[in-house]
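Report on the following structure.
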Amino acid sequence: MLKSNVYITRMIPQETIDALRQFHDVEVNPYDRALTRDELLQQVRGRDAVITLLTDKVDGEVLDAAGPQCKIFANYAVGFNNFDLKAATQRGVIMTNTPGVLDDATATHAWALLLATARRISESERYVRAGQWHGWAPMAFIGQDVDHKTLGIAGLGRIGSKFARKAAAFDMKVIYTNAVREPEFERQYGATFVDKATLLRESDFLSLHLPLLPDTHHYIGAKELASMKPTAVLINAARGPLIDEQALVAALRNKVIWGAGLDVFEEEPNIAAGLAELDNVVIVPHIASATIQTRLAMGKIATDNVISVLKGEPPHTCINPEVLK
Ligand code: DGY
């Protein structure tokens with residue numbers, strides 16, 4: 001097999017790059033930062049395959065800059081709202097993602113956010129670190145019970161259903177909305193399918209596990225927040241634009257809801273003005289899949305897809321399958 005020319009837009013686990021280097025010439029962005037748009041356009045030029053991040057917008061312009069020899073753009077993420085699938089299919093370029101290997105890590109992280117928000121972990125840790133703790137206090141950092149409460153889940157895909165399963169540990173009542181009803185899941189986990197209005201009204205904890213699409217943009221805005229319980233906690237480890245972040249800042253400030261745990265933001269890496277000043281929100285930098293094992297598995301899927309396509313074989317996780325016909 002002739003060696004091809006592969007570009008990776010940012011460092012991913014070294015083992016996966018080494019595996020790719022056994023077959024191909026591989027160049028990796030040497031900087032510890034995402035490429036600028038100009039750099040991306042420049043670096044993809046003449047490559048046979050490119051491994052990208054969710055921060056790289058891959059549209060017609062980037063595909064054209066890469067050139068007609070380029071066969072695959074492999075996203076190092078399960079989400080692919082940064083990819084223009086139609087533009088790729090039109091140009092005969094295969095696009096892939098990394099499904100399946102990050103479901104548990106992401107669902108567990110959503111739980112970490114939920115528990116940290118309910119039990120005010122970040123806020124109380126800041127207090128201890130600042131030297132403000134002067135002894136046990138009966139009324140300090142009072143949080144919300146999690147056990148036996150109602151857990152709402154928007155989106156029962158791979159990650160949403162993993163998240164739901166973990167609720168059994170807390171004896172929670174599970175309600176969910178989804179594009180389709182999942183009777184087997186309902187039977188197994190005692191979950192109830194509800195409409196969005198019921199989900200908002202009845203959830204003590206509401207976790208979002210939806211893809212970012214035109215009709216899920218601002219799935220939660222001021223109106224939705226106003227219909228939630230004042231004791232409710234909102235969790236988002238999916239995509240930032242599912243929530244109108246400014247409306248959320250106002251709702252948290254005015255105690256319309258009790259708290260929020262956020263892994264993702266509308267304009268990453270920027271966060272809405274006022275969010276960081278609020279104590280009733282836990283904010284972390286899009287790290288839901290950031291475990292050693294998961295990132296390795298993501299790197300393996302991305303590089304395996306590139307190896308297969310450059311060998312003339314179909315990739316394992318194609319997201320524009322029409323291109324293969
Ligand atoms: C994804 O894969 O889409 C996550 O957001 C990052 O791992």
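Rule-based calculations on the coordinates, nothing more; no lab input. All values derive from a computational prediction rather than experimental measurement. Every residue, glycine as well, gets a Cβ built from its backbone with ideal geometry; the counts of neighbours run over all protein chains shown.
Per-structure values
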item	result
Exposure proxy ranking, count of Cβ atoms within 10 Å, fewest first, for 106, 303	106, 303
For the chain: relative contact order, % (alpha-carbon pairs under 8 angstrom, 6 or more apart)	19
Per-pair calculated FRET efficiency, R0 = 35 Å: residue 197 and residue 276 via Cβ, rounded to 0.05	0.65
Longest site-free stretch - the chain; sites: chymotrypsin sites (Phe, Trp or Tyr not before Pro), DSSP loop, at most 14 other Cβ within 10 Å	142-325
Span-like helix ranges in the chain, DSSP H, alpha carbon extent 24 angstrom or more, Kyte mean at least 0.0	292-310
Partner lysines for residue 149 [C-alpha distance under 21 Å; skip if fewer than 8 residues away on the same chain]	162, 166, 173, 196, 229, 255
Derived scalar couplings ³J(HN,Hα) [region 79-87; Karplus, 6.51 cos²θ - 1.76 cosθ + 1.60; whole Hz; x for Gly, Pro]	x, 9, 5, 7, 9, 9, 5, 5, 4
Mean separation of Cα contacts under 8 Å, 6 or more apart, over the residue count of region 103-283: relative contact order %	22
DSSP beta bridges in the chain [antiparallel fraction, %, rounded to 5]	5
Cleavage-rule hits, trypsin sites (Lys or Arg not before Pro), region 77-186, DSSP coil, Cβ neighbours within 10 Å at most 12	181
Inter-label distance for residue 126 and residue 287, nm, one decimal - labels placed 7 Å from Cα along Cα-to-Cβ	1.6
Fraction of alpha-carbon pairs over 17 Å apart in region 35-133 - percent	61
Backbone HN-Hα couplings from phi across region 184-193 [Karplus 6.51/-1.76/1.60, Hz, Gly and Pro as x]	5, 4, 4, 5, 5, 10, x, 8, 10, 7
Karplus-derived 3J(HN,Hα), 6.51/-1.76/1.60, for each residue of region 311-323, Hz, glycine and proline x	8, x, 9, x, x, 7, 9, 6, 10, 10, x, 4, 5
Cα-based equivalent ellipsoid, the chain: semi-axes from gyration tensor eigenvalues, Å	39, 22, 18
Local electrostatic count at residue 101 - Lys and Arg +1, Asp and Glu -1, tallied over other residues with Cβ under 15 Å	0
Residues with amide H under 5 Å from that of residue 94, placed H, sequence gap 5 or more	72, 73
Dipole magnitude (debye, nearest 20) for region 200-325, charges at Cβ of Lys, Arg, Asp, Glu	220
Amide H contacts of residue 157 (H built 1.01 Å from N, under 5 Å, at least 5 apart or other chain)	none
Kirkwood hydrodynamic radius over Cα pairs of region 103-283, then Stokes diffusion coefficient at 20 °C and 1.002 mPa s, in µm²/s	129
Extended-chain gain in nm, criterion 0.36 nm per residue less alpha-carbon gap, residue 90 and residue 134	9.3 nm
